[in-house]
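The values are calculated or read from the model by the stated rules, or taken from the named source; none is laboratory data. These numbers come from a predicted model, not from an experiment. Glycine also receives a Cβ, built like all others from the backbone with ideal geometry; neighbour counts cover every protein chain displayed. Protein only, heavy atoms only, side chains kept; ligands, DNA and RNA dropped before computing areas. Shrake-Rupley method; radii C 1.70, N 1.55, O 1.52, S 1.80 Å.
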Amino acid sequence: MQIKELKDCVEFKETVITWMNQEFGSKDSMKFFQGVVEHSSSSDGLPKIFVAVEDGVLLGTAGIWRGDLLSRQDLFPWFSALIVNQEYRNQHIGQKLQEHVLADAKTMGYKEIFLYTDLVGYYEKGGWKKIDVGYEYTGTEMTIYRHVI
């Protein structure tokens with residue numbers, strides 16, 4: 001398995017957009033995720049989107065974003081949009097994507113990174129610590145985690 005920046009694997013761009021919209025969006029959010037992906041492909045900074053690939057198959061994706069939880073714009077950067085291909089789950093791909101993103105964030109000079117989720121029990125295994133709660137624009141409460149790099 002290799003983990004590369006999406007901008008170097010443009011053949012997976014549309015699939016990543018579709019996955020993001022399916023996992024985190026709604027019928028009206030496709031353009032939002034297209035924008036995130038388009039800007040990651042044209043920038044040397046953030047956002048960055050990574051893909052895990054093996055033998056031409058897209059296994060997963062994750063990224064480092066400038067902002068993710070809008071109610072907590074004081075926190076930066078964010079580990080965002082971890083998605084593992086359903087056919088390849090339970091093979092530690094998500095963990096490897098996390099490790100890659102953390103290493104890249106460290107290379108960029110960040111000392112810590114944040115994420116938010118409603119998933120309980122998964123990220124703690126990777127060294128993430130709960131630090132607070134935050135709210136999506138819909139009012140949904142989410143747990144905020146921090147990982148010291």
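The table for this structure:
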{"quantity": "Residue in segment 25-37 that is among the aliphatic types (A, V, I, L, M), open to solvent by 80 Å² or more (accessible area, probe 1.4 Å) and over 15 Å from the mean Cα position of the chain (by Cα) present", "calculated": "no"}
{"quantity": "Subset of segment 73-96 [in contact (Cβ under 8 Å) with a residue 40 or more places away in the chain and more than 18 Å from F24 (Cα to Cα)]", "calculated": "L75, I93, K96"}
{"quantity": "Any hit, segment 72-89, residues being at pLDDT 95 or above, in contact with a Leu (Cβ under 8 Å, 6 or more places away or on another chain) and open to solvent by 50 Å² or more (accessible area, probe 1.4 Å)", "calculated": "yes"}
{"quantity": "Complete set of residues in segment 101-148 that are in a loop (DSSP other than H, G, I, E, B), open to solvent by 30 Å² or more (accessible area, probe 1.4 Å) and farther than 18 Å from P47 by Cα", "calculated": "D118, L119, V120, G121, Y122, G127, E136, Y137, T138, G139, T140"}
{"quantity": "Leading residue by the ranking (least open to solvent (accessible area, probe 1.4 Å)) among those in segment 46-69 that are closer than 27 Å to K106 by Cβ and without any contact (Cβ under 8 Å) to a residue 24 or more places away in the chain", "calculated": "G67"}
{"quantity": "Every pair of residues 6+ apart whose Cβ atoms lie under 8 Å, when the first sits in segment 10-34 and is at pLDDT 95 or above while the second is exposed (fewer than 15 other Cβ atoms within 10 Å of the Cβ) and assigned to a loop (DSSP other than H, G, I, E, B)", "calculated": "N21/S29"}
{"quantity": "When residues of segment 68-115 are limited to those that are closer than 24 Å to Y137 by Cβ and among the hydroxyl-bearing types (S, T, Y), the one nearest to the chain's Cα centre (by Cα)", "calculated": "S80"}
{"quantity": "Residues of segment 2-44 classified as farther than 27 Å from Q91 by Cα and in contact with a Lys or Arg (Cβ under 8 Å, 6 or more places away or on another chain), total", "calculated": "2"}
